[in-house]
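Down below is the structure, laid out as structure tokens.
The values are calculated or read from the model by the stated rules, or taken from the named source; none is laboratory data. All values derive from a computational prediction rather than experimental measurement. All Cβ positions, glycine included, derive from the backbone under ideal geometry; neighbour counts span all protein chains shown.
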Amino acid sequence: MGEIALRLKRDISMATIAQSIAPHLPLLRRFARALCGNQRRGDQNVATALEGLIANPEAFPDAHNPRAALYKAFLESVPASDLPSGPPEGEIGATRTLQGLSRGPRLAFLLTAVEGFTTDETAFILGIDVADVLKLVGEADQQIAAQMATDVLIIEDEPLVAMDLESIVISLGHRVSGMARTHTEAVAAVEKHRPGLVLADIQLADGSSGLQAVNEILQTDELPVIFITAFPERLLTGARPEPAFLITKPFRVDAVKAIISQVLFFDSRARKAAR
């Protein structure tokens with residue numbers, strides 16, 4: 001009788017787990033493929049992790065966030081030998097950039113920048129402290145920048161802020177191709193030297209608009225742009241260019257570094273400019 005009750009309890013536990021993780025399996029497969037650098041290997045590792053949970057549902061991590069628990073269980077089941085230490089032959093672009101990262105930074109970058117987990121959730125998944133997560137993300141930023149060093153135009157009218165941004169850009173191994181304080185200076189800077197990335201404030205020294213300057217630049221040259229502003233609501237209007245990347249003033253240095261890395265990783269135009 002005890003064995004029947006135990007089996008029933010186990011079946012109920014597995015049914016509960018299955019129901020909670022089912023919506024997240026497509027995202028886990030995406031993560032596994034990116035992490036392993038190979039679709040077949042990634043899918044195999046997901047299947048192996050799920051087989052392990054079926055055989056031992058008690059091993060499923062106890063967490064309020066079932067998606068985070070699923071990723072944790074998956075990573076605990078993946079052998080280190082299945083995580084390539086370098087970019088696969090023939091791969092280009094984002095895949096090659098990602099696989100060029102060492103294991104810890106690659107995990108932290110994927111979980112935070114690609115999968116959208118918070119640093120607390122990432123710390124839970126990896127079984128490390130938040131401080132260690134931030135350190136790994138910082139290492140990822142540096143490694144991505146080392147692979148994809150590019151020229152950056154800074155459009156900013158506040159000298160101290162511009163100097164801070166310049167320092168951040170240089171610390172990542174990039175080059176500052178120009179510093180512009182007005183709409184006119186920004187357009188002229190792009191005509192003089194095409195950057196691989198633009199950091200742009202929206203309210204400039206002469207009353208002109210960094211948003212208008214970017215719009216004018218994008219009419220002739222598609223460039224990735226990060227808007228940095230104290231007025232984010234002015235950009236979230238649905239009008240072009242709707243920002244994919246936005247930093248609010250006052251900004252944190254680590255946040256700026258992380259978003260620069262994300263732009264270089266995700267934007268094909270940035271990768272092309274870096275090459």
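So that you can scan it fast, the table gives a plain yes or no per residue for (1) hydrophobic (A, V, I, L, M, F, W, C); (2) at pLDDT 85 or above:
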| site | (1), (2) |
| --- | --- |
| T220 | no, no |
| P224 | no, yes |
| R234 | no, no |
| T237 | no, no |
| P241 | no, no |
| V263 | yes, no |
| D267 | no, no |
| A270 | yes, no |
| A273 | yes, no |
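I'm trying to understand the selection: among the residues of the stretch 129-162, which are aliphatic (A, V, I, L, M), buried (at least 16 other Cβ atoms within 10 Å of the Cβ) and closer than 22 Å to L107 by Cα? Working first, answer last.
We begin by selecting, within the stretch 129-162, every residue aliphatic (A, V, I, L, M); these are 130-131, 133-134, 136-137, 140, 144-146, 148-149, 152-155, 160-162.
Filter once more, so that each one left must be buried (at least 16 other Cβ atoms within 10 Å of the Cβ): 133-134, 136-137, 140, 144-145, 148, 152-155, 161-162.
V133, L134, L136, V137, A140, I144, A145, M148, listed by residue number.
Of all residues in the stretch 137-192, count the ones that are hydroxyl-bearing (S, T, Y) and over 20 Å from the mean Cα position of the chain (by Cα). Steps first, answer last, please.
As a first pass, look at the stretch 137-192 and keep what is hydroxyl-bearing (S, T, Y): 150, 167, 171, 177, 182, 184.
Among the residues that remain, those that are also over 20 Å from the mean Cα position of the chain (by Cα) are: 167, 177, 182, 184.
Looking only at that region, the number is 4.
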